[in-house]
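Please read the structure below before turning to the comments.
The values are calculated or read from the model by the stated rules, or taken from the named source; none is laboratory data. Since this is a predicted model, take the numbers as computed values, not measurements. Note: ideal-geometry Cβ built from the backbone for every residue, glycine included; neighbour counts use all protein chains shown. Please note that ligands, DNA and RNA were not included when accessible areas were found on the heavy atoms of the full protein model with its side chains. Shrake-Rupley method; radii C 1.70, N 1.55, O 1.52, S 1.80 Å.
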Amino acid sequence: MAELPRQAQVIVIGGGIVGASIAYHLGKLGVGDVLLLERDRYTCGTTWHAAGLVGQLRATENLTRLCRYSLDLYAGLEAETGQATGFRQPGAISLATTEERFHELKRTAAVAAHLGVEAAVLSPAEAQALFPRMEIDDVVGAVHLPKDGMVSPVDVTMALLAGARQSGVATFQGVPVDGLLVEGGRTVGVITAQGEVRGESVVLAAGMWSREFAARYGVPLPLHAAEHYYAITQPIEGLSEKTPILRDPNHCAYFKEDARRLLVGLFEPVARPWAMDGVPDVSFAEIPADLDHVTPLLERAYRRLPFLHDVELRQLFCGPESFTPDDNFILGEAPTLPGLFVAAGFNSIGIQAAGGVGKALAEWIVEGEATMDLAEVDIRRFEPFHAGRRFLAHRTVETLGLLYGMHWPFRQYDTARGVKHSPFHTRLAAKGACFGETAGWERPNFYAPKGEKAEYRYSYARQNFFPWTAEEHRATREGVGLYDQTSYAKFLLQGPEAESVLQRVSAADLATPMGKVVYTQWLNASGGIEADLTVTRIDEEIFLVVTTAATRFRDFHFLKAAIGGAQAILTDVTSGLATLGIMGPDSRELLGRVTSADLSNASFPFATSQEIELDYGLVRAMRITYVGELGWELYIPTEFALHVFDAIMREGEALNLKLCGFHAMASCRLEKGYRHWGHDIGPEDSPLEAGLGFAVGWAKDANFVGREALEAQKKRGLERRLLQFQIHDPEVMLYHDEPIYRDGERMGLTTSGGWGHTLGAAVAMGYAKGEPGSLNANWIRSGEWEIEVAGKRYPASASLRPSYDPASQRVRG
């Protein structure tokens with residue numbers, strides 16, 4: 001055995017397919033000084049028992065890009081390395097046994113076409129022709145992906161390792177990593193029984209062991225092992241390598257040919273967490289099968305292929321796989337421990353994702369930032385509580401089954417709820433609030449009227465809350481509504497160099513007078529939007545940053561990293577400030593009944609903030625809005641929260657004050673064209689492309705991150721722009737990821753959508769592409785626009801400007 005080196009540029013912990021792919025891609029990028037360490041034998045964690053499916057489609061465009069790259073990589077890996085991979089492309093069929101499932105599959109097929117993935121919508125008979133022995137009496141329709149593939153997971157891993165070694169990567173098995181070397185708050189290497197190895201970066205790709213390892217260093221990793229079952233039959237006559245993969249989500253099963261045998265995989269709705277007291281140090285782990293649990297699942301799966309009742313089982317296997325609270329894997333640099341990168345929690349898609357993940361993380365390490373939008377898998381999307389053992393055990397019961405569940409619009413988790421409540425929670429619940437969950441916060445999404453149950457009844461059509469949200473929307477537009485916005489994240493940045501820090505990190509000019517509220521973006525070096533928020537100057541050396549609940553952890557650590565050695569201190573004050581939004585044309589009159597402050601335009605103009613008395617309490621009022629109406633956000637010390645709430649509700653009776661939820665807010669913001677980070681804007685979208693150039697401080701003296709990229713983009717002209725769309729058809733509901741066409745040419749996908757109750761139309765936003773400088777109002781008006789929903793195209797109108805109050809007269813009135 002070769003001697004373990006004492007120094008490496010990058011050290012990869014874990015010799016499964018993910019670790020092997022990262023090492024392979026680091027080598028391809030020319031990082032020759034890479035060391036991979038496996039505690040026992042390569043693939044001995046969970047890679048060895050994976051089914052080896054390599055599907056191309058995921059829920060979003062960027063995750064699909066990763067998986068398509070994996071497929072392309074595996075296709076040529078054997079020729080490159082000389083190591084067999086078992087790669088083949090029998091294609092895959094997904095079945096629908098309900099109209100709603102078929103609608104979902106047709107939406108998926110439409111996205112597939114946009115992304116260059118070959119897909120065909122099939123009738124039940126056409127699906128049966130591809131898999132003749134299946135029962136189709138209950139099948140409504142299907143989608144066929146003829147290029148979906150499969151591999152031998154162990155062989156692909158060995159090929160990746162061989163390719164890595166060809167690029168100069170050193171790989172060792174039988175070398176457990178006992179710990180990390182940490183100096184000055186940064187990872188600088190690893191500790192093994194054979195001694196220390198120092199490195200500039202360390203990658204933790206240790207599968208289900210990653211959580212407990214990372215926790216020793218204060219890094220929360222929300223993943224938990226769960227039992228995953230599959231059965232393998234004896235050989236079956238008529239099966240061949242060309243037999244397509246068959247997915248039957250309503251029966252929670254998939255079927256794939258394996259050496260003329262059939263592997264029957266199960267994704268049950270109520271799963272069984274494993275190793276709740278800690279993952280043991282085992283290799284090639286196999287869990288004793290619980291026949292009482294798995295037999296009903298197999299019987300359900302066999303309804304699709306009844307002939308299996310007469311086929312003997314060769315093996316009934318149960319092995320552990322790790323799952324995360326949202327069914328997306330975890331990727332990126334740990335914000336609490338720089339130098340430690342993580343790739344873990346793959347939710348049964350590690351094989352299909354590994355190729356793309358290896359490339360993406362290797363580029364992240366080399367470039368110093370992600371080279372594509374990875375927000376949906378970014379480690380920073382989680383809150384620390386998500387990594388709690390009890391939370392994970394409860395949520396994992398649900399997440400395994402969600403892989404084959406319906407992906408309903410607005411679907412809420414059923415498990416591990418009630419983590420965070422605003423001070424108003426009990427009062428709002430008594431008023432009929434139906435709560436959704438974001439970052440642990442229970443937030444009112446809508447209010448059910450008396451006699452109606454405050455619950456979701458899911459559908460791709462208009463859901464049960466549609467008329468109730470319409471009333472909340474109209475109250476906001478025509479009267480006054482109250483929104484509980486306590487979940488918004490709030491940070492204080494204080495110190496003599498606080499302004500210079502914000503000037504460097506913010507695109508807008510933050511050298512402002514006290515009380516000014518500034519809407520700004522934080523950018524990456526490429527000009528992409530890393531955060532979208534407001535900053536208010538409270539005092540000469542004190543700034544209040546307000547951002548969304550979902551990005552609290554991400555944005556806090558983004559700003560903390562930007563401080564560096566500057567004289568500034570960042571404090572999270574989210575828990576100390578309850579927040580109410582009082583929105584609508586009657587908001588000034590309502591607040592005037594509970595405060596002596598002058599709320600006129602002259603004394604309290606738009607985008608300013610003041611501390612005011614509100615009944616007996618002292619609150620910070622900001623004249624700002626996310627619904628496109630006159631209104632104030634009230635930041636209330638929690639000790640005053642209920643008193644202030646009760647005072648507003650009491651005085652609001654005379655003005656028909658309406659309690660409003662986040663669905664009404666979303667409807668209003670879509671009409672007004674307000675962007676939403678994570679949907680309409682993100683790390684691959686610039687402020688110029690997103691129509692946010694007005695928020696860029698071009699004239700400010702200070703340089704800011706991303707300025708050079710924006711100036712270059714401005715000079716050469718835009719190749720894509722964010723537009724607002726409308727479809728005036730009462731049967732159409734838009735959500736996101738619907739293909740957009742201009743004159744029959746596919747332009748892109750919608751980024752977010754909903755119903756505009758004032759406009760009386762389905763409203764969406766999405767990017768259109770074109771020649772640099774050509775995307776102007778004339779080009780938009782001259783085209784015929786369509787949006788495709790579940791395979792059918794609908795005429796749409798398109799505009800650069802919002803259709804509702806484009807001059808913002810109502811906001812400033």
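Local charge sum around GLU80 (other residues, Cβ-Cβ under 13 Å, Lys/Arg +1, Asp/Glu -1)?
Numbers: positive: LYS28, ARG165; negative: ASP72, GLU78.
Computed value for this residue: 0.
With contacts defined as alpha carbon pairs under 8 Å and 6 or more residues apart, what's the relative contact order of the stretch 579-669 in percent? Spell out each step's value before the answer.
On the way: 130 pairs, mean separation 28.3, N = 91.
31 percent.
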_For the stretch 470-609: relative contact order, % (alpha-carbon pairs under 8 angstrom, 6 or more apart)_ = 38
*For ALA777 and ARG389, what does the FRET efficiency come to when R0 = 41 Å and r is the distance between their Cβ atoms, rounded to the nearest 0.05?*
0.15
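Could you report the chain's accessible area per residue, 1.4 Å probe, as an integer in Å²?
Result: 37 Å² per residue.
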*Any chance you could check the Cα centroid distance between the stretch 769-813 and the stretch 482-555 for me, in angstrom?*
30
_Cross-link candidates for LYS106: which lysines have Cα within less than 23 Å, leaving aside residues fewer than 8 places away along the same chain?_
LYS147, LYS256, LYS792
*Go ahead and run the numbers for FRET between VAL282 and ASP729, Cβ-Cβ distance against an R0 of 41 Å, rounding to 0.05.*
0.10
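Where Lys and Arg each count +1 and Asp and Glu each count -1, what net charge lies around GLY319 among other residues with Cβ under 9 Å from its Cβ?
Net local charge, GLY319 excluded: -3.
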_Modelling each spin label as a point 7 Å along the Cα-to-Cβ direction, I'd like the ARG746/ALA215 distance in nm, to one decimal._
4.4
*Could you sort 517-529, 381-393 so that the peptide with the highest average Cβ count within 10 Å comes first and the rest follow in order?*
517-529, 381-393
_Please report the carbon-and-sulfur percent of the accessible area for the chain; probe 1.4 Å, protein heavy atoms only, DNA, RNA and ligands left out._
49
*Global form of the stretch 560-648, assessed from the alpha-carbon gyration tensor, a/c cut-off 1.5*: prolate
*Using a cut-off of 9 Å between beta-carbons, work out the net charge of the residues near LEU722 (Lys and Arg +1, Asp and Glu -1, LEU722 not included).*
0
*Pull out a ≥ b ≥ c, the square roots of the eigenvalues of the alpha-carbon gyration tensor of the stretch 19-70, then state rounded if a/c is under 1.5, prolate if not and a/b is larger than b/c, and oblate in the remaining case.*
oblate
*At 222 nm, what helix-only mean residue ellipticity would the chain give, in deg cm²/dmol to the nearest 500, using -39500 (n - 2.57) for each DSSP H run of four or more?*
-7500 deg cm²/dmol
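Take every Cα pair under 8 Å in the chain that's 6+ residues apart, average their separations, divide by the length, and report that relative contact order as a whole percent.
12
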*Is the shape of the stretch 53-177 rounded, prolate or oblate, going by the alpha carbon gyration tensor and its root eigenvalues a ≥ b ≥ c, with a/c under 1.5 for rounded and a/b larger than b/c for prolate?*
prolate
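Need one number: the % of Cα-Cα pairs in the stretch 185-278 sitting beyond the 20 Å mark.
The calculated P(r) of the stretch 185-278 puts 60 percent of pairs beyond 20 Å.
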_Over the chain, equivalent-ellipsoid semi-axes from the Cα gyration tensor in Å_ = 45, 32, 26
_Fully extended contour minus Cα-Cα distance, from SER500 to ALA259, at 0.36 nm per residue_ = 80.3 nm
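Only sites in a loop by DSSP and with at most 14 other Cβ atoms within 10 Å count here; which GluC sites (Glu not before Pro) in the stretch 705-778 make the cut?
Within the stretch 705-778, the qualifying GluC sites (Glu not before Pro) (loop, at most 14 other Cβ atoms within 10 Å) are GLU731.
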*What ranking, highest mean first, results for peptides 608-617, 269-278, 656-665, 286-295 when packing means the other Cβ atoms within 10 Å averaged over each residue?*
656-665, 608-617, 269-278, 286-295
*asked:* With +1 assigned to the C-beta of every Lys and Arg and -1 to the C-beta of every Asp and Glu, and no other charges, what is the dipole magnitude of the chain about the Cα centre in debye, to the nearest 20?
replied: 720
*asked:* Sort 304-313, 100-109 by the packing proxy (mean of other Cβ within 10 Å over each peptide's residues), most packed first.
replied: 100-109, 304-313
*Give the calculated FRET efficiency between ASP701 and SER797 to the nearest 0.05, with a Förster radius of 35 Å applied to their Cβ-Cβ distance.*
0.25
*Choose one of ALA654, TYR616, TRP677: the residue whose Cα lies farthest towards the positive end of the charge dipole of the stretch 550-684 (beta-carbon charges +1 Lys, Arg; -1 Asp, Glu; about the Cα centre).*
TRP677
*Measure off 7 Å from each Cα along the Cα-to-Cβ vector at ILE542 and LYS28, then give the distance between these two points in nanometres to one decimal.*
5.2
*So in the chain, what percent of DSSP beta bridges are antiparallel if you round to the nearest 5?*
85
